[in-house]
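Some notes on the structure that comes next.
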Protein chains: 2
Amino acid sequence: MINAQYILLKMKIMKRVVLPTILFIATLLTKAKAQDVSMFPKGEISTTNNHTGTIWLNELSVGDSVFLNSIAFATYAVGAKLDWHIHPAGQILLITEGTGYYQERGKAVQIVHRGDIIKCLPGVAHWHGASPDSGFAYIAITATAKGKTIWLERVTDEEYKRAK
Amino acid sequence: MINAQYILLKMKIMKRVVLPTILFIATLLTKAKAQDVSMFPKGEISTTNNHTGTIWLNELSVGDSVFLNSIAFATYAVGAKLDWHIHPAGQILLITEGTGYYQERGKAVQIVHRGDIIKCLPGVAHWHGASPDSGFAYIAITATAKGKTIWLERVTDEEYKRAK
C-alpha cells in the first residue's frame, strides 16, 4: 500500500504541478511570439484633433530634400479612425496588422487586411480606420513634395456603420 | 498489486503519451506564431546575377509618374548578400526580420536588426545582406526619379568576413 500511495502521490504531483507548468510555459511562449509581430515600436499616442479613438504614431523617417517621403508606423485601437483628408502628393499604405476600413469620397468602403497595399492618389478625399472588431496597423509612405495633409470633416457614425 | 500496476500504467501513459502530445501542440502553436511574423508573402526567388545566396523578392508597388518610389519586400536566406551597388536617387530600408549587414564604401560594416531604419543616400556605393547566422528581411523604398540601380562588383569573402 505504501508503494501504491507513493505512486498515487507522484501522479497527483504530475497532474497538479507538472502539467499546469508545461501549459503555462507553452502559453508564455505563444504570447511572446504573438507580441513579437509588430516590427516597430507603437510610438506615442496621437493627441491631434483629426481622429476619433486611440491611434499610436511612430515616425520612422521624416521627408527632406533627398528623401521626398515621410514614413510612419501607425497603430489603431479597435474602432479608431481618421477624419476625411487629402494627401496633395499621394500616400501608400502597407497594412501590417489587423483589419481596417478604407474609403474614397463617393465610393464604397473597402475592408482591408494585413498584407494589403493601398494607394491613395493625390488630391483624393478619403479616410481610413480600424474595424469595429479589430485593431489595425500600417506603414504609411507619404509623398511630401506638395505640402502637408489637408484635414477635412469627421467621419460620421452613419458613414462608419455603412461599412459593415 | 493490480491497483498499483494500474496506476503505474496510467503514469506511463501520461509520461509517454500525454506529455509529448502537449509539448507537440505547444511547439506547433509557437511555430504558427513565428511564421506569422512576415506580413507579406516572400515572393519569388531572385534569378538576377547581382547577389550570392538565396533572396526572395515581392514587389509591393512599382514606381510611376505619381508615386516616385518602388516598394519591395526582400527576404534573405542565412549568408545571402547583394553585390555592391548605387541607388541614383537613394533608398530607405525598414528592417522587418532577423539580423543583417550594411556597409557603405570606405566605412565599417554596420550590424542591423529588425526595427532598424537605413538610409542609403543617392550615389553612395554600398551593399547589404544577411548575417552568417541569421536570415534577414526588409521593406525597401527606392526612389525611382533618377533611373535604375547601378550594379557594381561582388562583395568578396574577405569583405563579408571582416563584418564579424
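Since every read-out is calculated from the coordinates, none of them should be taken as a lab result. Bear in mind the structure is a predicted one, so any value in this text is a computation, not a measurement. Glycine also receives a Cβ, built like all others from the backbone with ideal geometry; neighbour counts cover every protein chain displayed.
Table for the structure above
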{"item": "Teacher prompt: A:Thr52 distances to equivalent labels in other copies, 7 Å Cα→Cβ, nm", "result": "5.9"}
{"item": "Environment charge of A:Asn50, counting only residues whose C-beta is closer than 13 Å and scoring Lys/Arg +1, Asp/Glu -1", "result": "+1"}
{"item": "Computed [θ] at 222 nm, helices only, for chain A once each DSSP H run of length n ≥ 4 contributes -39500 (n - 2.57)", "result": "-6500 deg cm²/dmol"}
{"item": "Relative exposure of B:Tyr138, B:Tyr6, B:Tyr102, judged by other C-beta atoms within 10 Å (fewest first)", "result": "B:Tyr6, B:Tyr102, B:Tyr138"}
{"item": "Shielding by partners - mean other protein chain Cβ count within 10 Å, residues of B:111-123", "result": "2"}
{"item": "Under-5 Å amide H pairs with A:Phe136, H placed in peptide plane, nonlocal only", "result": "A:Tyr76"}
{"item": "For region B:46-96: relative contact order, % (alpha-carbon pairs under 8 angstrom, 6 or more apart)", "result": "36 percent"}
{"item": "Extent along principal axes [Cα atoms of the protein assembly as shown; Å; largest to smallest]", "result": "87, 63, 31"}
{"item": "Burial order of peptide ranges B:145-155, A:53-63, B:84-94 (average beta-carbon count within 10 Å, highest first)", "result": "B:84-94, A:53-63, B:145-155"}
{"item": "Alpha-carbon Rg/Rh ratio, for region A:26-164, with Rh computed the Kirkwood way", "result": "0.98"}
{"item": "Other-copy label distances relative to A:Lys12, 7 angstrom Cα-Cβ extension, nm", "result": "2.5"}
{"item": "For residues of A:81-90, the mean tally of beta carbons on other chains within 10 Å", "result": "1"}
{"item": "Per-residue mean of C-beta atoms belonging to partner chains within 10 Å, peptide B:65-73", "result": "4"}
{"item": "Global form of region B:49-92, assessed from the alpha-carbon gyration tensor, a/c cut-off 1.5", "result": "oblate"}
{"item": "Shortest-first distances to equivalent copies, position A:Asp83, nm, label 7 Å out along Cβ", "result": "5.2"}
{"item": "Dipole moment magnitude, nearest 20 debye, the protein assembly as shown about Cα centre, only Lys, Arg, Asp, Glu C-beta charged", "result": "1640 debye"}
{"item": "Cβ-defined net charge surrounding A:His126, 11 Å radius [Lys, Arg +1; Asp, Glu -1]", "result": "+1"}
{"item": "Across A:Lys148/B:Lys81; A:Lys107/B:Lys119; A:Lys146/B:Lys81; B:Lys42/B:Lys81; A:Lys42/B:Lys81, pairs whose alpha-carbon gap is larger than 26 Å", "result": "A:Lys148/B:Lys81; A:Lys107/B:Lys119; A:Lys146/B:Lys81; A:Lys42/B:Lys81"}
{"item": "Whether region B:96-164 is rounded, prolate or oblate, judged on the alpha carbon gyration tensor where a/c under 1.5 counts as rounded", "result": "oblate"}
{"item": "HN-Hα J in Hz across region A:142-158 - Karplus 6.51, -1.76, 1.60, θ = phi - 60°, x for Gly and Pro", "result": "10, 5, 9, 4, 10, x, 7, 4, 9, 8, 10, 7, 5, 6, 7, 4, 4"}
